[in-house]
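First the structure, in the form of structure tokens, and then the observations on it.
The values are calculated or read from the model by the stated rules, or taken from the named source; none is laboratory data. The model shown is predicted, which means the values in this text are computed figures rather than measured ones. For neighbour counting, all protein chains shown are included, and Cβ atoms are generated from backbone atoms with ideal geometry for every residue, glycine included. Ligands, DNA and RNA are stripped out before the accessible areas are found, and what is left, the full protein with its side chains, is counted by its heavy atoms. Shrake-Rupley method; radii C 1.70, N 1.55, O 1.52, S 1.80 Å.
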Amino acid sequence: MNQLEQLNQIVADLDLELDQINDLQTLQQKKALYLGKKGPLSQVMASMRDLSVEEKKEVGKESNRIKGILETKFEEKRKAIEEAVIAKKLESEKIDVTLPGVNMRVGGIHPLTQTVMELEDLYVGMGYTVAEGPEVETDEMCFEKLNLPKGHPARDMQDTFYINPELLLRSQTSPVQVRTMGEKKGEPIKIICPGKVYRRDADDATHSHQFIQCEGLVLGENITMADLKGALLEMARKMFDKDREIRLRPSFFPFTEPSVEVDVSCGLCGGKGCPTCKGSGWIEVLGAGMVNDNVLRMSGYDPTKIQGFAFGIGVERITMLKHKIDDIRNFYTNDVRFLDQFKEVK
């Protein structure tokens, strides 16, 4: 058998062997055997030294062609084996799409978080910035710099959780205002301060030892009660409806003077009087007032040049009124039946 016949025989032998190979490892071994230095193709090339020049050219040309054929056959077989492996895997992992699917529970934003987001959206749109501060506060920041020195009787209204005589869980977010005033050093301020606060209240339908406040503070030149009323009226109409009205009643807070309680007109009776508003046509929603001169001085402001107002919104209170919820404890019991009702509320 001459060299050309041997080359053709190599291709025929390979075809027979490839039919028996079903895995990549064996294929790789067979490729190394056929195309390696000791393979049949190399042996044919080595036997060319006894041939004439013309025969060497012919056999050399045919050898290169056969080598290309072998490489192509190995590559095609490799692809065929890989495709067979994938097909087998797909068959074993096939999903029956006709089976009924499994319902996935989708969560929603908590109603209190929704209210905070609405308040932030409203006031940021009015030029306020959102300020935050620590929930563990010093007595100085939580009380003394808010015109509530040690022994002041108004502290009893905000009896809270003390860690030691000088550290406590904040009873209001007003310390964030104090910290901001200390940082601004007499400059104008326009902020809201949403966050958790804590008071030693007995939990019932309208009270909780933990709740959320969203306080606001505006300081600058020529700030008046009219500015305060405008900011709160806009809030009432955003959170309830566009026809709501508010009224300001005189009150007392140590950190504001004058101080007011803010009522919003009853949405059920339109201000005519009903059981919900106890016949008055108004529902109390928050406290506010002009910042006390002592508070301004303690934080480095000159009350003869800078004035301002502050307000404190109870997020649970607003949410309960908005959605007609009769028990504040519903917000904290994690009852999915209750929370599911607010998934679509924007």
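Some values worked out for this structure:
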{"quantity": "Residue among 140, 132 that alone is open to solvent by 100 Å² or more (accessible area, probe 1.4 Å), of a type outside the set (Phe, Trp, Tyr), touching a residue at least 24 places away in the same chain (Cβ under 8 Å) and over 30 Å from residue 27 (Cβ atoms)", "calculated": "132"}
{"quantity": "Only listed residue being more than 30 Å from residue 210 (Cα to Cα), surrounded by 15 or more Cβ atoms within 10 Å (Cβ to Cβ) and of a type in the set (A, V, I, L, M), chosen from 86, 66", "calculated": "66"}
{"quantity": "Enumeration of residues in segment 158-191 that are acidic (Asp, Glu), under 20 Å from residue 128 (Cβ atoms) and part of a loop (DSSP other than H, G, I, E, B)", "calculated": "187"}
{"quantity": "Odd one out for residue 91 among (1) surrounded by fewer than 16 Cβ atoms within 10 Å (Cβ to Cβ); (2) touching a helix residue (DSSP H, G or I) at 6+ places or on another chain (Cβ under 9 Å)", "calculated": "(2)"}
{"quantity": "In segment 3-20, residue most open to solvent (accessible area, probe 1.4 Å) [restricted to those that are charged (D, E, K, R) and modelled with pLDDT of 80 or more]", "calculated": "19"}
{"quantity": "Condition broken by residue 251, with the remaining ones in (1) more than 29 Å from residue 327 (Cβ to Cβ); (2) outside any helix (DSSP H, G or I); (3) among the small types (Gly, Ala, Ser) satisfied", "calculated": "(1)"}
{"quantity": "Of residues in segment 264-294 being open to solvent by less than 30 Å² (accessible area, probe 1.4 Å), in contact with a Ser or Thr (Cβ under 8 Å, 6 or more places away or on another chain) and not in a loop (DSSP other than H, G, I, E, B), the one nearest to residue 179 (Cα to Cα)", "calculated": "291"}
{"quantity": "Qualifying residue in segment 176-183 (condition: more than 14 Å from residue 299 (Cβ to Cβ), of a type outside the set (D, E, K, R) and either buried (at least 20 other Cβ atoms within 10 Å of the Cβ) or out of contact with any strand residue (DSSP E or B) (no Cβ under 9 Å at 6 or more places or on another chain) (or both))", "calculated": "no"}
{"quantity": "Any hit, segment 277-285, residues being aromatic (Phe, Trp, Tyr) and over 26 Å from the mean Cα position of the chain (by Cα)", "calculated": "yes"}
{"quantity": "Residues located in segment 43-85, provided they are more than 59 Å from the chain's Cα centre (by Cα) and over 25 Å from residue 2 (Cα atoms)", "calculated": "none"}
